[in-house]
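Taking it in order: structure first as structure tokens, then the write-up.
The values are calculated or read from the model by the stated rules, or taken from the named source; none is laboratory data. As the structure is a computational prediction, the values presented were derived from the model and not from experiment. Glycine also receives a Cβ, built like all others from the backbone with ideal geometry; neighbour counts cover every protein chain displayed. With ligands, DNA and RNA removed, areas are computed over all heavy atoms of the protein, side chains included. Shrake-Rupley method; radii C 1.70, N 1.55, O 1.52, S 1.80 Å.
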Amino acid sequence: MSLSADARPLPAFAARAVSVGGSPVREILALTERPGVISFAGGLPAPELFDTVGLRASYEAALGGPTAARALQYSTTEGAPELREAVAVRARARGLATTADDVLVTTGSQQGLALLAATLLEPGDTVLVENPTYLAALQCFGLAGARVIPVPCDAQGLLPDALEEILLRERPKLLYTVPTFQNPTGRTLPGARRAAVAALAARRGLWLVEDDPYGDLRYEGDHEPWLAAHPGAEDRTALLGSFSKVMAPGLRLGWMRAPAALRRAAVVAKQAADLHTSTVDQLAAAHYLVAHDLDAHVATVREAYRARRDALLAGLGGALPAGSEWTRPQGGMFVWARLPEGYDATALLKSAVAHDVAYVPGAPFFTGAPDPRTLRLSFTTHTPAEIAEGLDRLGRALA
Ligand code: PMP
């Protein structure tokens, strides 16, 4: 197709586009789509639990009734007023004063991350994260050219003392955290630490990005108030929520609750990215939230996931080599395990897949030196019986 033999070579891609790798999780997911594989790899909601009938009815209502033309038209960047209002109502029900005006609808909560990176980060800016942390957040910060520094964590998440020490030394722009049922570890930050993190952020001048796609999936214990609700955090927290885990990820609907100035900047970034989130999807979701009982649906999903989590936790000791450790999450989708000294979860994945079982090696979730002994197991997409069979295979693969 070249116009002439002496055409010049094309200019290079931006360095950031080359330096940030694709998600190895997605590559493994492709590998495990083979029939018969019991996969603990993907962070997918269970498809048989989608309320397909209810969602279809809401799409019909959005497209069949008086809103049809609106559903198919361009709309405002901030989002459909009825969906913003529904998000605000749900946030208030969880104890966080929120109005529709505080909410920006996003194309998945993933877009919220991209918008925050675009609005807050200059190349070279420092971002603090949990270690390990959500892979696609690391991609986002990498694409923004940020310098990512891990904050030491223990079994309950971020260590406020360690955070303070870093804040005395570094001038980070923001702390990115998944405080509730974290991806990949399943850990939840206790209330006292949330309060300490919020106070530190206020004292040291730090933005907080609280990413909470899993908070509604609690199987035991008491609900922890959002980091955003703690004194000090009010004027500096971008709280990201999602309909992916409670409704369906294919809708690509999420939201950001942020202070006015940050939200306005994010709106401009969103105009540049996609003008607005799909109108028909927003109106269908808004209809669903009025005509159906999302909380009742989530309660059904929770029941199923709790049994699946219990099946995984019950069988894990028999499947992993003696001396392994793992988390016991109170909610969410993930258990995080650590094999004994000398094991390498990435190297062992081949053997697992040969035994028709899969997991995600932990290494890509780390900033800096990874712990090769770690792996993430998702328990949501298989029945307890399938989980038991998968663990049996895993036991043989790791033996
Ligand atoms: N944040 C975290 C921690 C996640 O695990 C995910 C999904 N895996 C997302 C954000 C993005 O979710 P979505 O864009 O579907 O709302």
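Here are the numbers for this structure:
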{"item": "Residue that is surrounded by the fewest Cβ atoms within 10 Å (Cβ to Cβ), among those in the stretch 232-273 that are in a helix (DSSP H, G or I) and within 13 Å of the ligand (Cβ to nearest atom)", "result": "250"}
{"item": "Residue 55 being over 30 Å from residue 360 (Cα atoms), open to solvent by less than 30 Å² (accessible area, probe 1.4 Å) and either of a type in the set (Asp, Glu) or within 16 Å of the ligand (Cβ to nearest atom) (or both)", "result": "yes"}
{"item": "Criterion (within 22 Å of the chain's Cα centre (by Cα), open to solvent by less than 50 Å² (accessible area, probe 1.4 Å) and more than 12 Å from the ligand (Cβ to nearest atom)) met by exactly one of 107, 119", "result": "119"}
{"item": "Top-ranked residue in the stretch 205-217 [being touching a residue at least 12 places away in the same chain (Cβ under 8 Å) and open to solvent by 30 Å² or more (accessible area, probe 1.4 Å); ranked as nearest to the ligand (Cβ to nearest atom)]", "result": "216"}
{"item": "Some residue of the stretch 80-88 being away from the ligand (no atom under 16 Å from the Cβ), in contact (Cβ under 8 Å) with a residue 40 or more places away in the chain, in a loop (DSSP other than H, G, I, E, B) and of a type in the set (A, V, I, L, M)", "result": "yes"}
{"item": "Tally, over the stretch 312-352, of residues that are open to solvent by 20 Å² or more (accessible area, probe 1.4 Å) and of a type in the set (A, V, I, L, M)", "result": "5"}
{"item": "Every pair of residues 6+ apart whose Cβ atoms lie under 7 Å, when the first sits in the stretch 314-343 and is within 30 Å of residue 299 (Cα to Cα) and basic (Lys, Arg) while the second is in a helix (DSSP H, G or I) and open to solvent by less than 60 Å² (accessible area, probe 1.4 Å)", "result": "328/313"}
{"item": "Test: residue in the stretch 132-145 that is within 11 Å of the ligand (Cβ to nearest atom) and part of a loop (DSSP other than H, G, I, E, B)", "result": "yes"}
